[in-house]
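Here is the structure we will look at, set down as structure tokens.
The values are calculated or read from the model by the stated rules, or taken from the named source; none is laboratory data. Predicted model only: the values in this text are computed from it and were never measured. So basically every Cβ, Gly included, is an ideal-geometry build from the backbone, and we count neighbours across all protein chains shown. The protein model used for the area step is the full one, side chains on, heavy atoms only, and it has no ligands, DNA or RNA in it. Shrake-Rupley method; radii C 1.70, N 1.55, O 1.52, S 1.80 Å.
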Amino acid sequence: MLQILAATGLALAALAPAEKPQPVLVQNIRLTADADASSATVLIRDGRIERVHAGAFDAPVDARTIDGEGALLLPAFIDAYSFVGCATPEPRGERDKPVSTSTDVSIDMREANRKGIQPAFRVADVFDAGDALEAWRSNGFGALLSAPAGQLLAGQSVLVVTRDVAPRDAVLVASVFDQAGLRASGSGYPGTLMGSIAQLRQFFLDAQRYGVLSERRAEGKSGARLPYDADLLAAQDLLSHRRVVCCAVDSADDIERFVKLADAHGFDLAIAGGREAWRRAAMLAERKIPVILVPPGGDEPADPDAKDAKKKDKKPSAEDAPWTYTEPVAAKREKRRAWVEQRDGARVLAEAGVHIAFGTGKGKADELVEHVRKLVEAGLPREVALAALTGSAAEIVGAAPSLGRIAVGADATFALWTKDPLLDKEAAVRWLFVDGYPQEFEKKDAKKGGKPDEGVDAGGVWTIEFDVPEIPEGRLEIEMAKDGSVEGQLSGKSPGGDPVQGDATGAVRGRSLKVSAVLTVEGARLELVFDGELDGDTWTGTMTGAAPEPVGFHADRTPKEKVR
């Protein structure tokens with residue numbers, strides 16, 4: 001008997017979690033951003049908030065005490081749309097026995113033609129972010145939605161905590177959205193917008209038919225036996241409103257296309273990206289379609305009509321290098337106008353009553369926080385911006401009421417900030433609690449001015465090669481001003497061999513060079529962002545925008561003779 005009990009105890013110990021969060025009393029904190037806010041105390045037990053008290057109280061004997069030193073306590077941010085930790089596989093197009101070449105031509109589409117379709121794929125089964133989530137933790141993010149991308153129906157996204165744990169312990173919501181888009185990888189059908197919509201329509205029709213025939217079989221009615229089809233089975237959750245289709249689109253027309261698809265086939269919808277979602281704000285609000293906004297790549301374009309803009313502009317002279325390029329003022333104004341429209345889109349959506357959240361997409365956590373702070377500076381109410389990073393985001397990704405709020409019973413997932421991160425660019429995270437587990441961050445000095453290091457010059461002609469052979473070589477011609485800003489042109493070839501080029505802007509900070517460029521490739525608008533480190537005449541880093549995952553690059557420079 002003792003042996004049995006001992007064996008049972010060992011088995012239970014093996015099943016129990018390796019560690020349990022210690023009760024923590026967090027004192028001397030502020031619950032509001034007001035400078036004269038009174039001190040408060042929060043007690044954490046078993047990973048949840050047990051008590052919130054305006055003032056101080058004695059710590060339980062089993063609790064650890066942490067002095068917040070007057071820090072601002074905010075719910076941990078939620079990145080509602082990211083590609084971190086997910087490598088999206090390419091769907092297998094043919095799912096049945098190949099058709100004999102000797103048979104007659106079929107009069108209808110084959111059910112198992114699934115190019116770009118894989119709703120049964122789950123990121124929860126493959127999620128692995130490695131050490132990447134440290135950057136999210138240091139910027140106050142407690143949860144992140146990892147989404148597949150690059151396919152018509154790429155699969156099911158997963159919501160995970162940012163704590164450094166095994167993937168199985170990180171999962172909060174195993175299946176959040178079915179991520180969708182209007183592009184499929186590879187060549188051939190469906191290679192056009194019309195083909196993509198037709199492929200989606202056919203799949204949803206097949207799924208509806210599969211559901212009806214399944215019900216008939218279950219009721220004992222006549223009908224042929226159905227094949228096992230994981231994708232058609234997974235689609236039943238969409239058609240029965242148990243999951244939402246989140247489509248990654250930017251243009252107002254593409255948003256309308258997905259709305260029509262949802263109306264025709266009876267599934268719920270969310271938008272990710274949403275560059276022009278503000279143009280359909282009334283429709284989105286009426287249909288209660290949430291929008292997860294993703295910041296545009298690259299730096300804010302300068303206003304050519306600003307008072308000091310003319311001082312910075314310089315007309316080309318005979319002394320300039322022959323490749324020197326000066327962007328026309330009209331082009332600068334159009335670029336600025338488009339950027340301002342997108343920037344103010346979040347405010348337009350919020351005022352219309354659309355539920356919004358924010359996601360990094362292919363970007364970085366610190367860039368998202370900075371972007372939201374700029375939206376607040378431009379007029380987005382601070383409370384709306386905070387909700388879009390916390391409470392509203394939690395509702396959209398199915399994590400409410402556990403995440404996104406500071407209340408008794410909620411998950412102890414919050415951050416202590418030195419200042420309000422949505423109002424002050426010098427704000428930094430001092431402590432982050434995720435599931436009740438604390439992580440302390442070192443105090444940081446005030447951020448240094450973003451200027452190039454002494455002797456660093458990025459000007460010249462850069463020949464760029466990519467780690468992915470399918471991406472053709474690029475050529476970047478830029479010049480750098482004394483403040484580190486750069487401008488010029490990016491040129492190259494499309495996958496089909498046609499020449500493409502676009503304006504490029506960016507900046508040098510320290511030894512880091514970040515450049516963004518907008519290209520039109522085979523009718524599609526691509527925003528490419530190059531972010532890397534300079535080392536003499538070499539520049540290495542990653543490019544985002546051309547593929548679902550960042551792509552490594554290496555560039556060599558032919559130096560220019562002088563900097564303007």
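Scan the stretch 365-394 residue by residue and report those that are open to solvent by 10 Å² or more (accessible area, probe 1.4 Å), assigned to a loop (DSSP other than H, G, I, E, B) and aliphatic (A, V, I, L, M).
Passing the criteria: only 378.
Looking at 163, 137, 216 in this structure, which one is of a type in the set (Lys, Arg), open to solvent by 10 Å² or more (accessible area, probe 1.4 Å) and farther than 18 Å from residue 403 by Cβ?
Working: 163 fails: farther than 18 Å from residue 403 by Cβ; 137 fails: farther than 18 Å from residue 403 by Cβ.
That would be 216, the only listed residue that is of a type in the set (Lys, Arg), open to solvent by 10 Å² or more (accessible area, probe 1.4 Å) and farther than 18 Å from residue 403 by Cβ.
When the stretch 221-232 is examined, which residues are found to be part of a helix (DSSP H, G or I) and among the small types (Gly, Ala, Ser)? Spell out how you get there, then give the answer.
If we filter the stretch 221-232 for residues that are part of a helix (DSSP H, G or I), which is where we start, we get 230-232.
Correct list: 230 only.
Whether any residue in the stretch 436-445 is closer than 30 Å to residue 22 by Cβ, part of a strand (DSSP E or B), of a type in the set (Ser, Thr, Tyr) and over 24 Å from the mean Cα position of the chain (by Cα) is what I want to check.
yes
Starting from the stretch 247-272, take each residue that is under 19 Å from residue 294 (Cβ atoms) and list its partners that are open to solvent by less than 10 Å² (accessible area, probe 1.4 Å) and of a type in the set (S, T, N, Q), counting only C-beta distances under 9 angstrom and pairs at least six apart or across chains.
Every condition considered, the pairs that remain are 247/179; 248/179; 272/179.
Quick check on residue 291: is it open to solvent by 40 Å² or more (accessible area, probe 1.4 Å), at pLDDT 80 or above and closer than 20 Å to residue 382 by Cβ?
Answer is no for this residue.
Among residues belonging to the stretch 489-539 that are at pLDDT 85 or above and not in a strand (DSSP E or B), point out the one that is most open to solvent (accessible area, probe 1.4 Å).
511
If you go through the stretch 509-518 one residue at a time, do you hit one that is under 24 Å from the mean Cα position of the chain (by Cα) and among the hydroxyl-bearing types (Ser, Thr, Tyr)?
yes
So is residue 31 under 34 Å from the mean Cα position of the chain (by Cα) and modelled with pLDDT under 95 or not?
So residue 31 passes the test.
Which residues, counting only those in the stretch 160-175, are in contact (Cβ under 8 Å) with a residue 60 or more places away in the chain, of a type in the set (A, V, I, L, M) and touching a helix residue (DSSP H, G or I) at 6+ places or on another chain (Cβ under 9 Å)?
If the condition is that a residue be in contact (Cβ under 8 Å) with a residue 60 or more places away in the chain, of a type in the set (A, V, I, L, M) and touching a helix residue (DSSP H, G or I) at 6+ places or on another chain (Cβ under 9 Å), then 160, 161, 173 are the ones that fit.
Every residue, every condition in (1) hydroxyl-bearing (Ser, Thr, Tyr); (2) over 30 Å from residue 426 (Cα atoms); (3) at pLDDT 95 or above, yes or no:
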{"residue": "165", "(1), (2), (3)": "no, no, no"}
{"residue": "169", "(1), (2), (3)": "no, yes, no"}
{"residue": "172", "(1), (2), (3)": "no, yes, yes"}
{"residue": "195", "(1), (2), (3)": "no, yes, no"}
{"residue": "216", "(1), (2), (3)": "no, yes, no"}
{"residue": "220", "(1), (2), (3)": "no, yes, no"}
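Considering 282, 235, 262, which residue is open to solvent by 60 Å² or more (accessible area, probe 1.4 Å), within 30 Å of residue 389 (Cα to Cα) and part of a helix (DSSP H, G or I)?
Numbers: 235 fails: open to solvent by 60 Å² or more (accessible area, probe 1.4 Å); 262 fails: open to solvent by 60 Å² or more (accessible area, probe 1.4 Å).
That would be 282, the only listed residue that is open to solvent by 60 Å² or more (accessible area, probe 1.4 Å), within 30 Å of residue 389 (Cα to Cα) and part of a helix (DSSP H, G or I).
Kindly establish whether residue 213 is in contact with a Leu (Cβ under 8 Å, 6 or more places away or on another chain), in a strand (DSSP E or B), closer than 21 Å to residue 267 by Cβ and of a type in the set (A, V, I, L, M).
No.
Output the qualifying pairs, or none if there are none: Cβ atoms under 6 angstrom, residues six or more apart or on different chains, first residue in the stretch 178-198 and without any contact (Cβ under 8 Å) to a residue 60 or more places away in the chain, second residue not polar (S, T, N, Q).
Listed pairs, sorted by first residue: 195/189.
Do we find a residue being surrounded by fewer than 17 Cβ atoms within 10 Å (Cβ to Cβ), modelled with pLDDT of 90 or more and in a loop (DSSP other than H, G, I, E, B) anywhere in the stretch 328-348?
No: zero hits.
Any chance the stretch 422-430 includes a residue that's open to solvent by 20 Å² or more (accessible area, probe 1.4 Å), more than 23 Å from residue 295 (Cα to Cα) and in contact (Cβ under 8 Å) with a residue 40 or more places away in the chain?
Yes, the stretch 422-430 contains a residue that is open to solvent by 20 Å² or more (accessible area, probe 1.4 Å), more than 23 Å from residue 295 (Cα to Cα) and in contact (Cβ under 8 Å) with a residue 40 or more places away in the chain.
Could you list, ordered by first residue, the pairs with Cβ atoms under 6 Å in which the first is in the stretch 347-370 and at positive phi and the second is assigned to a loop (DSSP other than H, G, I, E, B), at least 6 apart or interchain?
Every condition considered, the pairs that remain are 361/294.
State which residue is nearest to the chain's Cα centre (by Cα) when the search covers only the stretch 351-364 and only residues that are open to solvent by less than 30 Å² (accessible area, probe 1.4 Å) and not β-branched (Val, Ile, Thr).
361
If a residue must be assigned to a helix (DSSP H, G or I), touching a helix residue (DSSP H, G or I) at 6+ places or on another chain (Cβ under 7 Å) and either over 20 Å from residue 117 (Cβ atoms) or of a type in the set (D, E, K, R) (or both), how many such residues does the stretch 239-255 contain?
Number of matching residues: 2.
Take residue 407 and tell me if it is within 27 Å of residue 66 (Cα to Cα) and not in a loop (DSSP other than H, G, I, E, B).
no
Has the stretch 11-26 got any residue that is open to solvent by 100 Å² or more (accessible area, probe 1.4 Å), assigned to a strand (DSSP E or B) and modelled with pLDDT of 90 or more?
No, the stretch 11-26 contains no residue that is open to solvent by 100 Å² or more (accessible area, probe 1.4 Å), assigned to a strand (DSSP E or B) and modelled with pLDDT of 90 or more.
Which residues, counting only those in the stretch 467-488, are assigned to a strand (DSSP E or B) and either open to solvent by 80 Å² or more (accessible area, probe 1.4 Å) or in contact with a Phe, Trp or Tyr (Cβ under 7 Å, 6 or more places away or on another chain) (or both)? Write out each step before concluding.
Initial filter on the stretch 467-488 (assigned to a strand (DSSP E or B)): 474-480, 485-488.
Scanning the stretch 467-488 gives 475, 476, 477, 488.
Can you name the residue in the stretch 118-134 that is part of a loop (DSSP other than H, G, I, E, B) and closer than 24 Å to residue 183 by Cα and, of all such residues, is least open to solvent (accessible area, probe 1.4 Å)?
Among those residues, the one meeting the criterion is 119.
I need every pair where a residue in the stretch 395-409 that is open to solvent by less than 50 Å² (accessible area, probe 1.4 Å) has its Cβ under 9 Å from the Cβ of a residue that is at pLDDT 95 or above and among the basic types (Lys, Arg), sequence separation at least 6 or different chains.
Close Cβ pairs satisfying both conditions: 402/48; 409/48.
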